[in-house]
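The block underneath contains the structure these notes are about, expressed in structure tokens.
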Amino acid sequence: MTQQEIEQRIEALGPWFYPFDFGGGVHTTSNVPPHVTDIFETRRLMVDAVVTAHFAERLKQIRCLDIGCHEGFYSFAMAQLGVERITGFDVREANLNKARFAAERLGHPAITFQQGNIEDLDPASLGSHELVLFLGVLYHLENPMRALRNLAAITSELCVIETQVIDEVEGEVEWGAREWTRPYQGVLALIDEGDEFYADNTETGHSPVATCPSPKGLTFMLKQAGFQRVEFLDPPQGAYEQHARRKRVVCAAYK
Ligand SMILES: C[S@@+](CC[C@H](N)C(=O)[O-])C[C@H]1O[C@@H](n2cnc3c(N)ncnc32)[C@H](O)[C@@H]1O
């Protein structure tokens with residue numbers, strides 16, 4: 001493709017979420033406001049650190065599935081770490097078309113991309129992967145528990161989850177009689193994402209109903225889904241402000 005053809009294709013596929021540099025002065029321009037774009041690098045640093053620490057010299061042998069891969073940004077980050085077998089998965093074909101184009105331009109022809117809904121699939125159709133990424137997706141979902149059960153079914157070692165969280169809510173609910181109570185295991189907030197959803201925002205879930213967990217709720221759901229150990233990662237120095245304040249978290253869930 002000539003430079004002009006590449007630029008025309010970028011224009012036709014846009015708008016773009018990530019700022020990709022395709023070399024030779026050709027790049028995409030992110031539609032994310034400038035004060036938010038640090039989020040990309042903070043997540044990359046946190047994901048790279050936990051993946052490298054866990055797999056070390058095995059990185060070349062593992063299979064990685066990037067659920068909610070969007071334009072492939074973190075699939076490409078895993079390729080840069082040395083992972084060779086990567087599949088990006090997303091509910092939106094339009095996002096995957098951008099990912100396929102970016103993979104070609106960035107020299108990652110081996111990465112494959114597959115359309116599907118993590119809340120509504122037979123996990124056997126995806127197979128088992130040592131590493132699963134689930135970044136920026138959970139808090140857009142209507143059925144988070146179903147999605148986490150599917151994630152557990154397709155993860156054989158490590159799943160990295162990044163999500164917005166709500167402030168913890170502690171309490172007890174009466175359960176059949178005044179004196180019979182059960183403690184909350186964390187909570188899920190219900191969020192109306194209808195304005196974004198009906199405006200065709202390409203980052204939402206597949207319905208306008210979103211749910212957002214508290215940290216304890218996330219831990220409880222991950223363990224119920226089948227993960228043995230859940231660790232919340234510390235944000236690095238200079239992290240994006242939401243991670244620094246722990247309003248967004250990155251956690252490692254181990255099988
Ligand atoms: C906010 S973006 C996050 C993209 C990327 N993982 C990141 O962290 O930058 C959410 C992505 O998840 C996808 N997505 C939303 N609901 C999904 C579902 N139920 N199954 C698969 N992908 C989904 C969206 O299409 C979008 O590409």
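The values are calculated or read from the model by the stated rules, or taken from the named source; none is laboratory data. Treat the numbers as computed from the prediction; the structure is a model and nothing was measured. Here the Cβ positions follow ideal geometry from the backbone for every residue, glycine too, while neighbour counts run over all protein chains shown. With ligands, DNA and RNA removed, areas are computed over all heavy atoms of the protein, side chains included. Shrake-Rupley method; radii C 1.70, N 1.55, O 1.52, S 1.80 Å.
Percent of Cα-Cα pairs per 5 Å bin, from 0 to the last occupied bin, for the chain, please list those.
Percent of Cα pairs in each bin: 1, 6, 13, 17, 20, 17, 12, 7, 4, 2, 1, 1, 0, 0, 0.
Just the number please: accessible area per residue for the chain, 1.4 Å probe, all protein chains included, in Å². Provide the component values of the computation, followed by the final result.
Details: 12440 Å² over 255 residues.
I get 49 Å² per residue for the chain.
Which length gain, in nm to one decimal place, applies between residue 36 and residue 216 when the Cα-Cα distance is subtracted from 0.36 nm times their residue separation?
On the way: separation 180, 0.36 × 180 = 64.80 nm, distance 2.61 nm.
Stretched out fully, the residue 36 to residue 216 stretch lengthens by 62.2 nm.
By average Cβ neighbour count within 10 Å, what is the ranking of 187-198, 101-112, 205-216, 169-180 from highest down? Could you put the intermediate results ahead of the total?
Details: 187-198: 14.1, 101-112: 16.9, 205-216: 19.2, 169-180: 9.0.
Sorting 187-198, 101-112, 205-216, 169-180 by mean packing, highest first, produces 205-216, 101-112, 187-198, 169-180.
Where in the stretch 65-82 does the amide nitrogen come within less than 18 Å of the point 7 Å from the Cα of residue 1, taken along Cα to Cβ?
In the stretch 65-82, the label zone of residue 1 (backbone N under 18 Å from the point 7 Å along Cα→Cβ) covers 70-73, 76.
Find how many whole Å separate the alpha carbon centroid of the stretch 20-52 from the alpha carbon centroid of the stretch 203-231.
Distance between centres, Cα-based: 24 Å.
Per the 1.4 Å probe, what fraction of the accessible area of the stretch 173-255, in percent, lies on carbon and sulfur atoms?
On the way: 2500 of 4970 Å².
Taking all protein chains in place, the stretch 173-255 shows 50 percent carbon and sulfur surface.
Once you order the gyration tensor axes a ≥ b ≥ c over the Cα atoms, which shape class does the stretch 163-250 get: rounded for a/c under 1.5, otherwise prolate or oblate by comparing a/b with b/c? Can you show the working numbers first?
Values: a/c = 2.11, a/b = 1.28, b/c = 1.65.
Oblate, because a/c is 1.5 or more while a/b does not exceed b/c.
Please work out the FRET efficiency for the pair residue 12 and residue 169, using the Cβ-Cβ distance as r and a Förster radius of 35 Å; give the result to the nearest 0.05.
Result of the calculation: an efficiency of 0.15.
Quick one: compute a quarter of the convex hull surface over the Cα atoms of the stretch 12-131 and quote it in nm².
Numbers: hull surface 32.2 nm².
Value for the stretch 12-131: 8.1 nm².
Calculate the dipole size of the stretch 1-127 relative to its Cα centre from +1 charges on Lys and Arg beta carbons and -1 charges on Asp and Glu beta carbons; express the result in debye to the nearest 20. Intermediate values should be presented prior to the final figure.
Details: 11 positive and 17 negative charges, 60 e Å.
Magnitude of the dipole: close to 280 debye.
Set the Förster radius R0 to 35 Å, insert the Cβ-Cβ distance between residue 60 and residue 207 as r into 1/(1 + (r/R0)^6), and round the FRET efficiency to 0.05. Don't skip to the end; give the middle numbers.
Details: r = 38 Å, r/R0 = 1.10.
It comes to 0.35.
What residue among 103, 62, 19 has its Cα farthest toward the positive end of the dipole of the chain, where the charges are +1 on Lys, Arg and -1 on Asp, Glu, each on the Cβ?
Selected residue: 62.
Quickly estimate the mean residue ellipticity at 222 nm for the chain, helices only: each DSSP H run with n ≥ 4 gives -39500 (n - 2.57), and the total goes over all residues, rounded to 500. Numbers along the way, then the final one.
Numbers: 8 runs with 83 residues, N = 255.
Estimated from H runs of four or more residues: -9500 deg cm²/dmol.
Which angle from 0 to 90°, rounded to the nearest 10, does the C-alpha axis of helix 3-13 make with the longest principal axis of the chain?
So the inclination is approximately 30 degrees.
Can you figure out the FRET efficiency of residue 184 with residue 122, using R₀ = 22 Å and their beta-carbon distance, to the nearest 0.05?
On the way: r = 32 Å, r/R0 = 1.45.
In this case the efficiency is close to 0.10.
Could you give the dipole magnitude of the stretch 71-179 about its Cα centre, charging the beta-carbon of Lys and Arg +1 and that of Asp and Glu -1, in debye to the nearest 20? Numbers along the way, then the final one.
On the way: 8 positive and 18 negative charges, 143 e Å.
In debye, rounded to 20, the stretch 71-179 gives about 680.
At a 1.4 Å probe, what is the % contribution of carbon and sulfur to the accessible area of the stretch 1-141? Before the final figure, lay out each step's value.
Numbers: 3220 of 6300 Å².
On the stretch 1-141, the fraction of accessible area on carbon and sulfur atoms equals 51 percent.
When the dipole is taken about the Cα centre of the chain, and only Lys, Arg (+1) and Asp, Glu (-1) are charged at their Cβ, what size is it in debye, to the nearest 20? Mind showing how you got there, number by number?
On the way: 23 positive and 36 negative charges, 165 e Å.
Computed charge dipole of the chain: roughly 800 debye.
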